[in-house]
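A short worksheet on the structure shown next.
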Amino acid sequence: MRSLYLLAEGQSEFVVIDSVLQPHLEQAGFHVRKSVLVTKPTVGGPAFRGGVSSWARIEAEIRRVLRDPTINIATTMIDYYGLPEDTPGMSGRHLGADPFSRIAAAEQAIEEVIGDPRFIAHLVLHELETWVLAAAGPLGDLVGNRRLTEQIRKIVNGHGGPEQVNDGRETAPSRRLLALHPAFNKVFEGPLAIADLGLAALRRQCPHADAWLRRIEALVEDTGPKL
């Protein structure tokens, strides 16, 4: 069984990994380990976890994970929106390319800097709340607001899919959700709605997420040391 390590940006991502991704990946044949990004290590006390503070911190965490020789594959679940500007591949992020091309270029640049064949860079396009937009129906059911479902679907359809809802400061998926549902609880309602939607339906709506999972799944029978 191959060992797969997922490094989550924050608690919401960690919950989605635990409840949605890990069961699928374990069924596919992986031994899954996971943790939340350490953003501020401390001496003599608990580390601060969650959120992205700097590319240097992200890089240090990735390299820490990869120091473990028992890990066959390591990957990330970090938002593209809000990623530090000094992150590899981010200098041209606002240029004219479509979002799928921009995020693919950033992921490739990150992999080149890390320089370890076991590492798969993955950035959520544009942020985890994108997946909540895909789960408009379950979210509306969860909070008892079918109008919210209709409003979210109108936004998603107007952009050609959840992953194409843009990442402007006031128009990112998280901002849109808060505008429509000010009481939105990212850590509780978001992961629950995604889990209720189900991974298969999520993958149909989010091609970037689907491509990431396909890339991992293709490695389950790859040669190399296993646990």
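The values are calculated or read from the model by the stated rules, or taken from the named source; none is laboratory data. Just so it is clear, the structure is predicted and the values come from calculations on it, not from any experiment. Because the Cβ atoms are built from the backbone with ideal geometry, glycine has one as well, and the counts that use them run over all protein chains shown. Only protein heavy atoms, including side chains, enter the accessible area calculation; ligands, DNA and RNA are left aside. Shrake-Rupley method; radii C 1.70, N 1.55, O 1.52, S 1.80 Å.
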For HIS31, other-chain or 5+-apart residues with amide H closer than 5 Å (H placed, Pro excluded) are ARG2, SER3, LEU4
If every Lys and Arg gets +1 and every Asp and Glu gets -1 at its Cβ, then about the Cα centre the chain yields a dipole, in debye to the nearest 20, of 280
For region 81-227, dividing by residue count, accessible area per residue (probe 1.4 Å) in Å² works out to 48
Placing +1 on each Lys and Arg Cβ and -1 on each Asp and Glu Cβ in region 133-176, then taking the dipole about the Cα centre, the residue among LEU148, ALA134, SER174 whose Cα reaches farthest towards the positive end is LEU148
Taking only the alpha-carbon positions of the chain as identical scatterers, the Debye log10 I(q)/I(0) at q = 0.13 Å⁻¹ comes out as -0.76
GNM of the chain, Cα pairs under 10 angstrom: of THR75, THR171, THR130, the biggest fluctuation goes to THR171
Which of PHE119, PHE30, PHE100 fluctuates most in a GNM of the chain (C-alpha springs under 10 Å)? That residue is PHE100
Here, SER54 and GLU26, labelled 7 Å along Cα→Cβ, have an inter-label distance in nm of 3.7
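Would you kindly state the longest site-free stretch of the chain, with sites defined as trypsin sites (Lys or Arg not before Pro) in a DSSP loop (not H, G, I, E, B) surrounded by at most 10 other Cβ atoms within 10 Å?
68-168
Per the 1.4 Å probe, what fraction of the accessible area of the chain, in percent, lies on carbon and sulfur atoms?
53
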Relative contact order as a percentage, the chain, C-alpha pairs under 8 Å and 6+ apart, gives 23
